[in-house]
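This report concerns only the one structure given below.
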Amino acid sequence: MIPSVLPTYNRAPLSFVSGEGSWLVEASGRRYLDLGAGIAVNALGHAHPDLVAALTTQANALWHVSNLYNIPAQQELADRLVAATFADTVFFTNSGTESCELAVKMARKYHYEKGQSERTTIIAFEGSFHGRSSAGIAAAGSEKMTKGFGPLLPGFKHLKWGDHDALTAAAAEADVGAILIEPVQGEGGIRPLPDQCLKGLRDLCDQHGILLILDEVQCGMGRTGKLFAHEWSGVTPDIMMVAKGIGGGFPLGAVLATENAASGMTAGTHGSTYGGNPLACAVGNAVMKAIADDAFLAEVNRKAALLRQKLEGLVAAHPDVFEGVRGSGLMLGLKCKVTNTDVVKAGYDAGVLTVPAGDNVLRLLPALNITDEDISEAVTRLDTTATKLEQA
Ligand code: PLP
């Protein structure tokens, strides 16, 4: 008999009843150090007092009004994002997938309105992940996600990660309208795009009149030690997808764009019942207040260096389990020699939560405000995990 919840997830046999900072607690009282943070969602950890206060204050005042009306918290959050980024304008969604949908629509509408309606093709990359909608799976293109769900949304061309010649040739095609890429691939195995490649992509886009869409759903919102990962390279996108960390655990996403890239999106061309609702935006404002702050981001970078250094030691101590550390900021991956999902499972016994990713990588995406003590404890627990696997 089919389970009452559609069985599309491979769930671990764990259920949590509460959370606090970087810790999750089961009904039995057993505590787990959470290095997954809801897959880069709980950017400020669990039950952060400022987020709890923002949500409960808003919940006592007003839960929802339609986008038929002005929503002051939404306006405030848009102003904050515009002030802190390349963007001139923001549309709020409820997830990364929805942000992908709008990014694709926005790019196509842009070229249509410029009289170049043939420029519908979007270049994307192998190993990428952009969500599970029809556009999201077509954009990522991997058989794992698309098999059985055809006919796929047309208009995506997939290139190998790092194949510069193929990219240069593809960008010169007359039907190409946008390039879509994650500055740090998350699901694909924590693969950062080198800064010079992002610069090269920007140049290529400028040369051919192509829009650059960055998917910062996983790597954005302070995760790499800048508010958005592309800031390390010094170049800016035309359109950016955001979600996960921006809501700190409340469903919220956004598409940020320049005025030029957004010029086709006039009244009636897009909408969402819930997108940018008062509850989500109240939390989003509290998240932005905390993260879009130089002192906070400096701490992320300090903690990232500390964690990375300890992970290098872990790899050196367990050369049969781990091969190396990769990633940026607090978006780190341990390339495994044993099967990554075995490490994740063994971690449960040691009370540490990690997330598998592609390329046999173990993902570590802790809360950005994880304490130094919790970083040390996390690596101790990963050490116990690796020792167990060596003895097995
Ligand atoms: N894009 C990236 C880079 C992601 O990592 C994800 C989710 O993991 C998505 C898009 C889809 O986001 P959501 O699951 O919120 O729809």
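The values are calculated or read from the model by the stated rules, or taken from the named source; none is laboratory data. Computed from a prediction, not measured in an experiment: that's the story for all the values here. Here the Cβ is made from the backbone with ideal geometry for all residues, glycine too, and neighbour counts use every protein chain on show.
What are the residue pairs meeting all of these: first residue in the range 296-324, first residue part of a helix (DSSP H, G or I), second residue at pLDDT below 95, Cβ atoms under 7 Å, and 6 or more apart or on different chains?
Close Cβ pairs satisfying both conditions: none exist.
Where in the range 1-109 are there strands (runs of 3 or more DSSP E), lying fully within it, with 2 or more residues that are under 30 Å from Leu153 (Cα atoms)?
Those strands (runs of 3 or more DSSP E) span 89-93.
If you scan the range 124-166, which residues turn out to be away from the ligand (no atom under 16 Å from the Cβ), in contact with a Gly (Cβ under 9 Å, 6 or more places away or on another chain) and among the small types (Gly, Ala, Ser)?
Correct list: Gly155 only.
Given the criteria out of contact with any Lys or Arg (no Cβ under 8 Å at 6 or more places or on another chain) and under 26 Å from Gly245 (Cβ atoms), does Asp383 qualify?
Here the answer is no, as Asp383 does not meet what is asked.
Within the bounds of the range 132-154, is there any residue that is polar (S, T, N, Q), surrounded by 19 or more Cβ atoms within 10 Å (Cβ to Cβ) and assigned by TED's automatic domain parsing to the domain that holds Thr236? Let's see the steps before the verdict.
So the first thing to find is which residues in the range 132-154 are polar (S, T, N, Q), and the list is 133-134, 142, 146.
Narrowing further to those that are surrounded by 19 or more Cβ atoms within 10 Å (Cβ to Cβ): none.
Among the residues of the range 132-154, not one is polar (S, T, N, Q), surrounded by 19 or more Cβ atoms within 10 Å (Cβ to Cβ) and assigned by TED's automatic domain parsing to the domain that holds Thr236, which makes the answer no.
Checking the condition within 16 Å of the ligand (Cβ to nearest atom), touching a strand residue (DSSP E or B) at 6+ places or on another chain (Cβ under 7 Å) and either of a type in the set (Asp, Glu) or under 22 Å from Glu76 (Cα atoms) (or both), which residue from Ala243, Ala262, Ala257 passes?
Ala243
What about Val283, is it buried (at least 24 other Cβ atoms within 10 Å of the Cβ), more than 14 Å from the ligand (Cβ to nearest atom), of a type outside the set (Ser, Thr, Tyr) and closer than 30 Å to Leu62 by Cα?
Yes, satisfied.
Go over the candidates Ala83, Ala103 one by one and state the one that is assigned by TED's automatic domain parsing to the domain that holds Gly275, out of contact with any Cys (no Cβ under 9 Å at 6 or more places or on another chain), at pLDDT 95 or above and surrounded by 15 or more Cβ atoms within 10 Å (Cβ to Cβ).
So the residue among Ala83, Ala103 that is assigned by TED's automatic domain parsing to the domain that holds Gly275, out of contact with any Cys (no Cβ under 9 Å at 6 or more places or on another chain), at pLDDT 95 or above and surrounded by 15 or more Cβ atoms within 10 Å (Cβ to Cβ) is Ala103.
Condition check: within 30 Å of Leu306 (Cα to Cα) and small (Gly, Ala, Ser). Does Gly209 satisfy that?
Spelling it out, it is not the case that Gly209 is within 30 Å of Leu306 (Cα to Cα) and small (Gly, Ala, Ser).
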